Each structure stands twice: as C-alpha cells, then as structure tokens.
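The block underneath contains the structure these notes are about, expressed in structure tokens.
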Amino acid sequence: MTAGFSPWQQAAYERAVTSLDEGRLGHALLVCGPTSIGKRAVVDHLAKRVLCLTPAADGEPCGRCRSCTLFPTGVHPDLRIVTFEMNEKARPPKMRTEIVIEQARDIGAWLALTPQLGGAQVVIVDPADAMNSPAANALLKTLEEPLPNRYLWLVSAQPNRLPATIRSRCQRLELTVPGRAVALQWLLDQGKSRADAEAALAAAQGDPGQAMLWLENGGMSVRRQVDADLRAIADGTGHAVEVAQRWAADGEVGLRLRFAADLARERAARLTDPAETRRLARWFDQANRVRDLLRTTIRADLAIAGLLLEWRTGQPEPRTGGARRA
Ligand SMILES: [Zn+2]
C-alpha cells in the first residue's frame, strides 16, 4: 500500500502501474473521478515513479535520487504542471479561469526538449476541462505525435466537458467512489467520529473525499446552518429576506444553495404525499437555477429571497397563526 493512499486511490494506481509495466500505458492518460476523490495524489505519485532515476525492484520511486529529491520542491526540471495562471495583461492582473492556447502550445514545445535528468518527462494538466477550445485544439497536435518516455496526463472531474477528439486519444484511468463500508471505515481511520463520518457521507452521497473535505473545511456546519434556516423559515420564525441577505453575504453562497437543494431532495425522499414531493422537486430545480444565476450579474440576495419565499409559501400555516412573514 502506498503511504497516504486510500483503498480506491491504491486500486487506480495499481491499474496504471500494471499498464506501465506491461508497456500498455499510452503517453496520454485521462485521469477522472469526482472532485475530491484524490486523483491528483495518484497522478503525482505516478509521476514520481516514472521520473525516478533508480527505482526499487518493484518499480516504486527510491526517494533518494536527484529526481526524487527535486520532486517535492516543485522545481523538478522534467515535470511540468499546467493549471490556471495569472493574466498579466489584465488590469489589475488576475487569475485566469481557463487554460489558454499559449499554455497548450508550450506543452508541445516543452515535450520536444531533451529531459534534463536523462529520464522521462511528465506534463500534468489539472483541471484539464478548464482548457478553452483553442487550447484543446492546440493540445491535439501534441496528443497525435507521441514521443518515447514523454507522458501527458490530463486530470478532470468533468471529462465530458473535454472535446471528444481529446478524450478519444487518451487512455482512461477512473477513480470511483467506493462502497459505503469502505468509505465509512476510511473516514474512521482518518480520526473522524462515527456520527460525523456517517452524517458527512450521507450529505456527500457516499463520496468519501467530498465528505472528508466538508468535515475539514467547515462545510458540514454550513449545511447544519442551512438546515436550521430552512426549518425556521418553514415554521415562521425565520425571515426569508434576512436569511437571503446572510446567505449572499459571503463566499459560501453557492455551497449554501447546493445544500438547500440537497435538503429539499432528502426531505422529498422521506415523504409519501405526492403533491408535496412534486413541490419539493420543483423547489430543488429552482434552487439549482438560482445557483446557476449566481455566475451572472444578478443580485444574489434578491434571487435567493425569492427562492426562500417560495419555500415558505409551500409550508402549512405556522402554529402561531400570525400573518406570513417575508
Ligand atoms: Zn528516485
């Protein structure tokens, strides 16, 4: 077992290594799987393996050669990571949200160079689905002209966003969500309590990487807060407009809407009344639409207030019998 790997990372890594050892690992690999499943760690270790100058008998990186020593420094001469870069032409300079054609052209030019340490050369594009069309087109040329000992690995949580021409030229390595028992045991092994692990795993629909992320970055507390807000609006103790302003006030608004939609879906699954189930299904769609709208220039608090008022409207009259509050 590779240090720090989960069982599903190990399984993917071993599949790649078998292909590599049998000479079946093409130069282009598309590594896919959910966002937080741990794709990049697998790819990084695979890179360390093919770049190692004096690998162990089983092919694992030695950890001592020049390549292995340079690897963690981020300045390995034969490893290139292609990801979002600063757009220096923008005023003020800002981080790009796409991988652009210049970066894709650089990949081809760089792979044509001689490896500096005399071993292999590895390019990792992460996230590969962030390449815009000109970049993807430019990369096609490189994919069509493989060179020995040169590896081009594309990492993507949304491989369907890549052009079919790119996908068809890559071998696929998939990291899949494990069964519940394996996922739960892994979270327990990471030191999480059973209650926390079970709640997070349910929220993440079985994806242990996502569950772990939400346990570590406060996502689960955001979810509990969203649940409490929705309950308060439903029973008339919470004000839709006030909650909307609070939701829109920080960087977590997209996550809050995702949790709100998920909570509506979970609630619908527990219900037997078909009319209420349909209403929640509509609300689920509406919450996702508002989430999409956040990318536009729309006033987030207004869109969310409308959504939350809708949530309130479908509820039975509050027990206090007072007028409905917005
Ligand atoms: Zn080494």
Take the residues of region 45-63 that are open to solvent by 30 Å² or more (accessible area, probe 1.4 Å) and among the small types (G, A, S): which is nearest to the ligand (Cβ to nearest atom)? G63
Among the residues of region 198-209, are any in the same structural domain as A12 (by TED's automatic domain parsing), of a type outside the set (K, R) and either in contact with a Pro (Cβ under 9 Å, 6 or more places away or on another chain) or closer than 19 Å to H45 by Cβ (or both)? no
For region 1-50, give me the residue count where each residue is part of a loop (DSSP other than H, G, I, E, B) and aromatic (F, W, Y). 1
Name every residue in region 62-77 that is more than 27 Å from the chain's Cα centre (by Cα) and in a loop (DSSP other than H, G, I, E, B), in order of residue number. C62, G63, R64, C65, P77
Give the residues of region 64-77 that are open to solvent by 30 Å² or more (accessible area, probe 1.4 Å), of a type outside the set (D, E, K, R) and within 13 Å of the ligand (Cβ to nearest atom), sorted by residue number. T69, L70, F71, P72
If we scan region 27-44, do we find a residue that is of a type in the set (V, I, T), open to solvent by 20 Å² or more (accessible area, probe 1.4 Å), over 12 Å from W153 (Cβ atoms) and within 16 Å of the ligand (Cβ to nearest atom)? no
Apart from one, (1) open to solvent by 40 Å² or more (accessible area, probe 1.4 Å); (2) more than 23 Å from T142 (Cβ to Cβ); (3) away from the ligand (no atom under 16 Å from the Cβ); (4) not polar (S, T, N, Q) all hold for A90; the odd one out is (1)
Those residues that are within 22 Å of R49 (Cα to Cα) and surrounded by 14 or more Cβ atoms within 10 Å (Cβ to Cβ), I need them from region 150-173; list them, please. R150, Y151, L152, W153, L154, V155, S156, C170, Q171, L173
Condition test on R80, is it among the charged types (D, E, K, R), open to solvent by less than 40 Å² (accessible area, probe 1.4 Å) and either assigned to a loop (DSSP other than H, G, I, E, B) or at pLDDT 95 or above (or both)? no
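The values are calculated or read from the model by the stated rules, or taken from the named source; none is laboratory data. Since the model is a prediction, treat every value here as computed from it, not as a measurement. Backbone-built Cβ (ideal geometry, glycine too); neighbour counts: all protein chains shown. These accessible areas exclude ligands, DNA and RNA; they are computed on the full protein's heavy atoms, side chains included. Shrake-Rupley method; radii C 1.70, N 1.55, O 1.52, S 1.80 Å.
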